[in-house]
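See below for the structure under consideration.
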Amino acid sequence: MSIRINAAIVLLVLSVVSGSAAWAQEPRHERGPGADAVECQSNNYSFERCPLPWHDARLVRQLSDTQCVRGVNWGLDRQGLWVDRGCAGRFVASGHRHHYDEYTGGGGGWQPPSGWDQRFQIRCESNNYQYNFCGVDLGGAGRARVERQISGTPCVEGQTWGSNRAGIWVVQGCAAVFTIDRRWR
C-alpha cells in the first residue's frame with residue numbers, strides 16, 4: 001500500500017515539474033476583454049523570443065527577481081519581444097495598434113503632412129557600454145537599419161540595438177550610423 005502512495009506522490013511531483021517546464025518554454029498569451037497580455041521569460045539567463053500580435057509593448061508586471069530594463073534585458077524588434085539575462089515579465093500592448101490594423105485601416109484619422117515619408121540617417125551610440133535611446137519618429141510602418149557600424153563592438157539587432165516607432169536604442173557599446181526609412185503606412 002505504501003509503495004502505491006509513494007508512486008502516486010512521485011507521479012504528482014513529476015507532472016507539476018514538467019508542467020512548470022512547459023510554461024517556461026512557451027510564452028503565455030491571455031485573451032479576453034482587457035487581457036491582451038504575454039508572459040515571457042529568460043530561462044537560465046538565456047536570450048528568448050516571444051511572438052506578439054502588436055508592434056510595441058510595455059512591461060506591466062515583473063515576474064523575476066532580476067530587474068527588467070527595456071533595451072538592456074528586454075525589448076522589441078521585427079521578430080517580436082525578446083528577453084535576456086534573467087528578465088521575466090508580463091507584457092501588454094503599448095498603444096492600441098495591432099498588426100491587423102495595417103490591413104483594416106486602424107490607427108485614427110490623423111495624417112502627416114506631405115513629405116513626411118522620407119529616408120535619412122542618424123548616429124546613435126552606447127557610450128561606456130550604457131543604454132542610450134535616440135529619439136526619432138519612424139512612423140507606423142518605418143524601419144531602421146545599420147548603415148555603417150562605427151564601434152568595435154558588434155551591433156546586432158535585438159541584442160545590442162533595436163528600434164520602435166519612437167526611435168533607436170543601443171547598448172553594450174554599439175555605435176552606428178542608422179538609415180531611417182520613415183513611413184506612415
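The values are calculated or read from the model by the stated rules, or taken from the named source; none is laboratory data. Predicted model, so just to flag it, every value in this text is computed and none were measured. Note: ideal-geometry Cβ built from the backbone for every residue, glycine included; neighbour counts use all protein chains shown.
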- Message: Could you check the range 135-185 and list, in sequence order, the residues that are free of Cβ contacts under 8 Å to residues at least 60 places away in the same chain and polar (S, T, N, Q)?
- Response: 149, 151, 153, 160, 172
- Query: In the range 27-44, how many are modelled with pLDDT of 85 or more and outside any loop (DSSP other than H, G, I, E, B)?
  - Reply: 7
- Scan the range 90-114 for residues that are at pLDDT 60 or above, assigned to a strand (DSSP E or B) and in contact with a Phe, Trp or Tyr (Cβ under 7 Å, 6 or more places away or on another chain) and jot them down. 93
- Count, please, the residues in the range 165-174 that happen to be surrounded by fewer than 20 Cβ atoms within 10 Å (Cβ to Cβ) and either at pLDDT 90 or above or more than 16 Å from residue 132 (Cβ to Cβ) (or both). 3
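Conditions tested, residue by residue: (1) surrounded by 13 or more Cβ atoms within 10 Å (Cβ to Cβ); (2) of a type outside the set (Ser, Thr, Tyr); (3) modelled with pLDDT under 90.
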site	(1), (2), (3)
119	no, yes, yes
122	yes, yes, no
130	no, yes, no
134	yes, yes, no
139	yes, yes, yes
146	yes, yes, no
152	no, yes, no
155	yes, yes, no
163	yes, no, yes
- Identify the residue in the range 115-163 that is of a type in the set (Phe, Trp, Tyr) and not in a loop (DSSP other than H, G, I, E, B) and, among all such residues, is nearest to residue 81 (Cα to Cα). 161
- Any idea how many residues of the range 65-89 are modelled with pLDDT of 90 or more and not in a strand (DSSP E or B)? 2
